[in-house]
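Chemist: Please read through the structure below; I'll follow up with questions.
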Amino acid sequence: MKGIDKKWIYLAILSVVWGSSFILIKKALIGLTPLQLGALRSLFAAVFLLIIGFRKLKTIKKEEWKWIAVSGFLGTFIPAFLFAFAETEIDSAIASILNSTTPIMTLVLGAVAFSIGFTRNQLIGVIIGLIGSFLLIWSGSEVNPNQNYWYAGLILCASVCYACNVNIIKRYLQNVSPLAITAGQFSVIIIPAVITLCSSGFFSEKTFASPALYPSLGYILILSVVGTGIAKVLFNNLVQLGTPVFASSVTYTIPIVALLWGVLDGEKFVWFQLVAAAVILLGVLLSRKS
């Protein structure tokens, strides 16, 4: 198989996998609380990634561990709970579209906290993207008045966490292998995840008596192993086969897949929300131009 063919295949697989993550969270919440979901998602992914990457931990230098820890909490642990709580109130498709603001947040934080310059086009992209986010949240609250769209702010907070994580990795962990970073992140958050799970009431008779528990555990297992572990390996391969710009185009395809899942699951979505989503993606496109 030619390299160029592999690039498009990997891009398609990642789009489906990451685009499906939001509907998996929604389905898992039927039998789990947000705290249980976030903790289990972290634990399942930690077990898988430590199995394949445990040997890489010894390559991490002592002074790098503090940044690995910060990266683990901001890039994985905290967002897992933010998404879980957010999707108790807003649709999975809306969550996926708002999550696409991550490149915009990355640019803003890079300029403010890490002194990374940006162009006028990128600044325009940030403004357009934020306007699109506001329009999407406003239209969503109109279409679904029974949903609390203040929870959309949790998705934007998760995007900020992801943006901090990207900048930290770029600034302080540039010379650490991706597998070592990932294994290190999950080795740090595994204990907090266990503590959170134990304090969430998961190990009670009521939890295990629920018939919805076991399907929910299946959704989380798929989300953790496929959506986190395998997807990260595929993404690293995609970057090596193509370019970072080509790999980052998955940002635009994830919401499409998530939107399709949402519509199939009966979520309400009107044309104005499509316009708002297009505005956000236009802002992301401009913000990524150098």
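The values are calculated or read from the model by the stated rules, or taken from the named source; none is laboratory data. No experiment lies behind these values; they were computed from the predicted model shown. Cβ sites come from the backbone with ideal geometry, for glycine too, and all protein chains shown count toward neighbours.
Chemist: Of all residues in the stretch 263-283, which are surrounded by fewer than 16 Cβ atoms within 10 Å (Cβ to Cβ) and under 17 Å from Gln147 (Cα atoms)?
Modeler: Val263, Asp265, Gly266, Lys268, Val270
Chemist: Only one of Val112, Val126 is farther than 30 Å from Gln36 by Cβ and surrounded by 17 or more Cβ atoms within 10 Å (Cβ to Cβ); which?
Modeler: That would be Val126, the only listed residue that is farther than 30 Å from Gln36 by Cβ and surrounded by 17 or more Cβ atoms within 10 Å (Cβ to Cβ).
A quick yes/no check of all residues on (1) under 30 Å from Glu205 (Cα atoms); (2) at pLDDT 90 or above; (3) not basic (Lys, Arg):
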| position | (1), (2), (3) |
| --- | --- |
| Leu40 | yes, yes, yes |
| Thr59 | no, yes, yes |
| Phe81 | yes, yes, yes |
| Ser100 | no, no, yes |
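Chemist: If you go through the stretch 205-212 one residue at a time, do you hit one that is out of contact with any Lys or Arg (no Cβ under 6 Å at 6 or more places or on another chain) and buried (at least 17 other Cβ atoms within 10 Å of the Cβ)?
Modeler: So the first thing to find is which residues in the stretch 205-212 are out of contact with any Lys or Arg (no Cβ under 6 Å at 6 or more places or on another chain), and the list is 205-212.
With buried (at least 17 other Cβ atoms within 10 Å of the Cβ) added as a condition, the list becomes none.
No, the stretch 205-212 contains no residue that is out of contact with any Lys or Arg (no Cβ under 6 Å at 6 or more places or on another chain) and buried (at least 17 other Cβ atoms within 10 Å of the Cβ).
Chemist: Still on this model: Specify which of the listed residues (Ala183, Ala158) is buried (at least 21 other Cβ atoms within 10 Å of the Cβ), within 27 Å of Phe272 (Cα to Cα) and of a type outside the set (D, E, K, R).
Modeler: After applying the criteria, what remains is Ala158.
Chemist: Give me the pairs, please: first residue somewhere in the stretch 240-265 and at pLDDT 75 or above, second residue anywhere and acidic (Asp, Glu), beta-carbon distance under 6 Å, and either six or more positions apart or on two chains.
Modeler: Filtered contacts from the stretch 240-265: Gly262/Asp91.
Chemist: Further, regarding this structure: Here is a list: Ile68, Ile30, Ile13, Ile94. Which entry is buried (at least 20 other Cβ atoms within 10 Å of the Cβ) and closer than 24 Å to Leu264 by Cβ?
Modeler: On inspection, the qualifying residue turns out to be Ile94.
Chemist: Consider only pairs whose beta carbons are under 7 Å apart and that are at least six residues apart or on different chains; among these, list those whose first residue lies in the stretch 98-109 and is over 18 Å from Leu136 (Cβ atoms) and whose second residue is at pLDDT below 80 and crowded, with 24+ Cβ neighbours inside 10 Å.
Modeler: Going by the 7 Å Cβ cut-off, the qualifying pairs are Leu107/Ser287.
Chemist: A further question follows. Which condition from (1) part of a helix (DSSP H, G or I); (2) of a type outside the set (A, V, I, L, M); (3) free of Cβ contacts under 8 Å to residues at least 60 places away in the same chain; (4) loosely packed, with under 15 Cβ neighbours inside 10 Å is the one that Asn121 breaks?
Modeler: (3)
Chemist: Here are the criteria: (1) free of Cβ contacts under 8 Å to residues at least 60 places away in the same chain; (2) in contact with a Gly (Cβ under 9 Å, 6 or more places away or on another chain). Tell me which single one Pro34 does not satisfy.
Modeler: Tallying (1) free of Cβ contacts under 8 Å to residues at least 60 places away in the same chain; (2) in contact with a Gly (Cβ under 9 Å, 6 or more places away or on another chain), Pro34 fails exactly one: (2).
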